[in-house]
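Below: one structure, written as structure tokens.
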Amino acid sequence: MKKTLIAASMIAFSATAFAEAPGGPNCGWGNMLMQGQSGLPMHFLASTTNGTSGNATFGMTTGTNGCSVKGTLTYGGKSMLDLSSIMDEFSNDVARGHGDALTTVAVSLHVPVEDRQHFSAVMQDNFSTIFPSADVTAEDVMASVIQIMKSDDKLAKHLG
């Protein structure tokens, strides 16, 4: 249960992680002040300036400060959901068709409450696809879950 709660808290933080900053890569006074600079300290200072003064939010609302909301937000990093810490519990839950780890994964994939029972049933029906062997990796499991969701009309719409 403790592992599930830790995983759920990491998932909550993943909702705020974007590769391109909201408003675009040139948005805010921090970016203007640090233009041409590189490295962690400069990025941190630009982000802090934008965040503490609220100028990026203002810029997105008004279309000023180099900000735009026309682009699509993307995330190019590694998934914040690391199944490796809950892999045993998740495999048991998928086999049973219910459980905390299965719910945690459903929440992280933005499956609404009304579709979670269907999510659980689909995952249970595809247990052998998700877990083809005892040494399957967490990354492979997650890729299988996503692929199964894509092939299900009710679940595919939650992948965005």
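The values are calculated or read from the model by the stated rules, or taken from the named source; none is laboratory data. Treat the numbers as computed from the prediction; the structure is a model and nothing was measured. Cβ placement follows ideal geometry from the backbone for every residue including glycine, while neighbour counts extend to all protein chains displayed.
Quick look at the numbers
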| item | result |
| --- | --- |
| Unmet requirement for residue 16, which otherwise passes all of (1) in a loop (DSSP other than H, G, I, E, B); (2) at pLDDT below 80; (3) touching a Phe, Trp or Tyr at 6+ places or on another chain (Cβ under 9 Å) | (3) |
| Helices (runs of 4 or more DSSP H) wholly inside the stretch 119-160 containing at least 1 residues that are in contact with a Leu (Cβ under 7 Å, 6 or more places away or on another chain) | 138-150 |
| Qualifying residues in the stretch 100-125 (those that are at pLDDT 95 or above and small (Gly, Ala, Ser)) - the one nearest to residue 138 (Cα to Cα) | 120 |
| Matching residues, the stretch 104-123, being without any contact (Cβ under 8 Å) to a residue 40 or more places away in the chain and polar (S, T, N, Q) | 117, 120 |
